[in-house]
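In what follows, a single structure is set out as structure tokens and then discussed.
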Amino acid sequence: MNATSLNAPVLIIGGGIGGLVLALELAKRNISSQIYEQAEEFSDIGAGLQLSPNAVRRLKNLGLETALGAVISAPDQICLSDGLTNAHLKNIPLGHSVLEKYGAPYWVVARKDLQAILLAALEEYDCVSIHLGKKFINYTQNPPVVETNGLIRAHMEDGSTGEGVLLIGADGVWSRVRHMFAQEQTPQQTEMIAWRALIDADTAPQLFKNASDLKNPSNLNTTGPNSTQVWFGPNSHLVQYRVMGGDKINLVAVTKGKALTKDWASDLPAEALFEEMRPWNKSIRQAVMAVEGWSAWPLMMLAPFKPWSRGRAILMGDAAHAILPFLAQGAAMAIEDASLLAELIENHPDQPDKIVDTFQAQRFRRCQRVFSKSVYQLQFYHASSYLAHIRNLGVKALPASWMLKQYDWLYKY
Ligand SMILES: Cc1cc2nc3c(=O)[nH]c(=O)nc-3n(C[C@H](O)[C@H](O)[C@H](O)COP(=O)(O)OP(=O)(O)OC[C@H]3O[C@@H](n4cnc5c(N)ncnc54)[C@H](O)[C@@H]3O)c2cc1C
């Protein structure tokens, strides 16, 4: 039996980046899928995403290089600075250095651009159906144990159902699929808020324009048209990079803070951000205060756990492992999950137990490592007082090439 002769489609719950990439990976292999997304339409929330070489490699393999090429920015470097003084600490080269070292580039993209490209690519395939406004509530498996010809049925809030060979929970950090069989695994509130804004580059505060403009002499060792800028502050940090062909600047600040709701974009007023940045360098804080449209995203985390599956239901992406954004790897891990899952479904179409076992066996340690490193990176980014001083001395002293090498295990994958 080969993949094309599967007797039912793969059901994908959630049309986020993970669910869309999985559907495309399957379609490329001629495997049909049904996506069930609770939203009535695809929204453009989410601002920017950094796509490291491990993610870009897979997106290129899906044939998206040309489409992405029109909308991504390829920063030539990451500039690290101190948020208390605005002093420059180090530039870590990206651009050609990363391409040569890892065989794939480091890109940044607006989430809505990546989403639009994935949706356009999916339109080419008859074997993919996307159902919007479908909120998954539960599943039934018949027979309940995994047998060769068994099926799994997904039930939606509106009473509709779908039947498939596998049900993939790509439904994010508050996964309902996970709730069905691992109710005890609940995301942890971090008491940190990610503040996000997407602003026009033309009218942006000068400080943000300069920081991503390498013609500015304060951006040392410059070699190309743009850079990603990170400022470390006490218990906080700020990142900026250009997206949408350089027309927009994506800003993300992470500070301490309590969310008002568990939802992504809660209504927390931006004054809370300005207050958390009170100790920061005056010009950075003023630039932050001049930006309108900050939205607050409560940061959750969920360590990888076992098992990620029950029978024919499998979790992937944030549903299985919600990783703090300090390594910019959450979407990248969802993309890696999707490509391995599709490969396993293709190779073992009539062995669902083998698919679920191999998936967890191959993904667990890597996701755990990325999860732990992200927590470590939080301590590094948000250090204060003498620890911040030691961090800054270390960053200044260490060669940039050595710093990049620390990510070999992550980016070569
Ligand atoms: C501030 C911040 C910055 C980040 N920056 C980066 C970065 O630079 N690089 C990176 O790789 N990652 C980054 N991430 C992480 C990344 O955004 C997530 O890890 C990634 O979006 C997870 O994708 P997903 O498809 O698993 O889940 P999601 O994107 O959450 O998608 C889940 C989908 O499922 C749908 N859904 C939920 N419940 C149901 C239901 N019951 N029925 C039907 N549909 C349902 C939702 O509506 C949603 O569309 C960042 C995260 C944050 C918070």
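Just so it is clear, none of the values below were taken in a lab; they were calculated from the coordinates. All figures in this text were calculated on a predicted structure; none of them were measured in a lab. Please note: Cβ atoms are built from the backbone with ideal geometry, for glycine as well, and neighbour counts cover all protein chains shown.
Taken one residue at a time, the phi angles of region 305-320 give Karplus couplings (6.51, -1.76, 1.60, θ = phi - 60°) of 9, 10, x, 8, 9, 9, x, 9, 9, 10, 9, 8, x, 4, 4, 9 Hz. Gly and Pro are set to x.
Distant-in-sequence amide contacts of Gly83, defined by a placed amide H-H separation under 5 Å and a gap of 5 or more residues or a different chain, comprise Phe232, Gly233. In terms of overall dimensions, the C-alpha atoms belonging to the chain reach 64, 44, 36 Å along their principal axes, ordered largest to smallest.
Looking at the chain alone, DSSP beta bridges between its own residues are antiparallel in about 70 percent of cases.
Sequentially through region 367-374, phi angles give Karplus couplings (6.51, -1.76, 1.60; θ = phi - 60°) of 5, 5, 5, 5, 4, 5, 5, 5 Hz, Gly and Pro residues having no value and appearing as x. For the chain, a simple Cβ point-charge model (Lys and Arg +1, Asp and Glu -1, everything else neutral) yields a dipole of about 1480 debye relative to the Cα centre.
Under 20 Å of direct C-alpha separation, and excluding same-chain neighbours fewer than eight residues apart, Lys135 reaches these lysines: Lys262. Quick check on the exposure proxy: order Ser372, Ser236 from fewest to most C-beta atoms within 10 angstrom. Neighbour counts put them in this order, fewest first: Ser372, Ser236. Pair-distance distribution P(r) for region 275-314, from all Cα-Cα distances in 5 Å bins starting at 0: 5, 15, 14, 13, 10, 7, 8, 7, 9, 8, 4, 0 percent.
Working note: Karplus 6.51/-1.76/1.60 with θ = phi - 60° gives region 383-392 the couplings 4, 10, 6, 5, 5, 5, 4, 5, 4, 5 Hz, where Gly and Pro are set to x.
The Rg/Rh ratio of region 1-139, with Rg taken over Cα atoms and Rh as the Kirkwood radius over Cα pairs, comes to 1.08. Summing charges over all other residues whose Cβ lies under 11 Å from the Cβ of Lys248, with Lys and Arg as +1 and Asp and Glu as -1, gives -2. Just how many % of Cα pairs in region 312-361 lie over 18 Å apart, if you round to the nearest whole percent? Here the long-distance tail beyond 18 Å is 32 percent of all Cα pairs in region 312-361.
Restricting to DSSP H runs of at least four residues, report the calculated mean residue ellipticity at 222 nm for the chain, -39500 (n - 2.57) per run over all residues, nearest 500 deg cm²/dmol. Theoretical 222 nm ellipticity from helices: -10500 deg cm²/dmol. Entry note, the chain: relative contact order of 23 percent, from Cα contacts under 8 Å with a spacing of 6+ residues.
To check you understand DSSP bridge types, tell me what percent of the beta bridges within region 1-131 (both residues inside) are antiparallel, rounded to 5. Here the share of antiparallel DSSP bridges comes out near 55 percent.
Each pair of Cα atoms in region 53-124 enters the Kirkwood radius, and Stokes-Einstein at 20 °C and 1.002 mPa s then converts it into a translational diffusion coefficient of 156 µm²/s.
Partners of Lys134 within straight-line reach, counting aspartates and glutamates whose Cα lies under 18 Å from its Cα and excluding those fewer than 8 residues away in the same chain: Glu37, Glu40, Glu41, Glu157, Asp158, Glu163, Asp171. Measuring between alpha carbons in the structure, the pairs from Lys60/Lys412; Lys306/Lys354; Lys258/Lys373 lying more than 21 angstrom apart are Lys258/Lys373.
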